[in-house]
1. Per DSSP helix of 4 or more residues, -39500 (n - 2.57); summed, then divided by the residues of the chain. What does that give at 222 nm, rounded to the nearest 500?
2. Phe173: net charge of surrounding residues, Cβ under 13 Å, Lys/Arg +1, Asp/Glu -1, itself excluded?
3. Determine the relative contact order of the range 129-260: mean sequence separation of Cα pairs under 8 Å and six or more apart, normalised by residue count, in whole percent.
4. Averaged per residue, what accessible area in Å² does the chain show with a 1.4 Å probe, protein chains only?
5. If you look at just the Cα atoms of the chain, how large are its Rg and its Dmax in Å?
6. Taking R0 as 51 Å, what's the FRET efficiency between Asn268 and Glu113 from their Cβ-Cβ distance, rounded to 0.05?
7. Quickly work out the Gln261-to-Ala123 label distance, labels modelled 7 Å from Cα along the C-beta direction, and quote it in nm with one decimal.
8. Please check: in the Gaussian network model of the chain (C-alpha springs, under 10 Å), which one of Val89, Val183, Val38 has the largest mean-square fluctuation.
Amino acid sequence: MAQPDWNSLIQQFDGSGVNALVLMGSYARGDAGPFSDVDLLRLIGEETSDLTNNLTGEGSYLIDDRLVTLSNADPAQVDAWFTEPNLAVSVVASLRDAQVLVERENAFAKVKERADTFVWDEAMQTKANAYASQEMVGWIEEAHKGLEGLRRMDIEEINIEQEVIGRLLNARFGLTHGLSHVVQVQHGIATNSDNAFYADVAEAVGLDSAWSRVRTVAFGVGLDGRTPTLREQVEAGLLLYVETAQLLRKAILPQHKPLIQRTVERINDYW
């Protein structure tokens, strides 16, 4: 597939109030494939946060049979990328790879300089610890869904209702993607692509660590050369909650410890 028509995209998405139009993602990194989407970031001023009628709104578009995704960021959103750890881990590295298509008054140059010089300091780590602690509480519901789904599966044995499967699928999501994101933020693991998320977090924690090994099963990647069953994936996800609580034990806030500890005890009682 030919390269996108950059001039055409600029004409469609540039306009009054746009300070910069920036290419992000795989096309910016140079590793795009035939099914890769074109990620565009548009920097706008505070006065154009609501966007005037001459600007195409953010969202997804099919242009020349190619998916184009457009997002807007005003100064407040840009500041959040560098002050909120859950955003910084996903955005800062991508900004370093970005390619500018349109720029006015060095708008993106200033953002890129912030990205290039960004340091994960003590203040960010304190915020990351608080975020991770709160998220560990938030994913307790998914741990309970997993435990209850497994209990109902044991009762129903062969004839498993769709509702039980739904519980287990909800649990699996929270106990895989959810817990992985918690660890990513608390460890300050920056990724330049959501496709690298799985590998980057595993490598940072340790590929041979108990956390990474049980996470592999929870994601359904493999178990003794075969694909784990849904039961095995959820059981591994529950164990991942226990391992995550241990991994982040020093980051857990006092007010959250009783809830998290009780959840760990309930999971351990399952076995």
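The values are calculated or read from the model by the stated rules, or taken from the named source; none is laboratory data. Quick caveat, the model's predicted, so the values are computed rather than measured. Heads up, the Cβs are rebuilt from the backbone with ideal geometry, glycines too, and the neighbour counts pull from every protein chain shown. Side chains included, ligands, DNA and RNA excluded: accessible areas come from the protein's heavy atoms. Shrake-Rupley method; radii C 1.70, N 1.55, O 1.52, S 1.80 Å.
1. -17000 deg cm²/dmol
2. Net charge around Phe173: +1.
3. 34 percent.
4. For the chain, the solvent-accessible area averages 52 Å² per residue.
5. Considering the chain through its Cα atoms, Rg and Dmax are 21.7, 66 Å.
6. With R0 = 51 Å, the Cβ-Cβ based efficiency is 0.55.
7. So the label points at Ala123 and Gln261 sit 3.3 nm apart.
8. Looking only at Val89, Val183, Val38, the largest GNM fluctuation is found for Val38.
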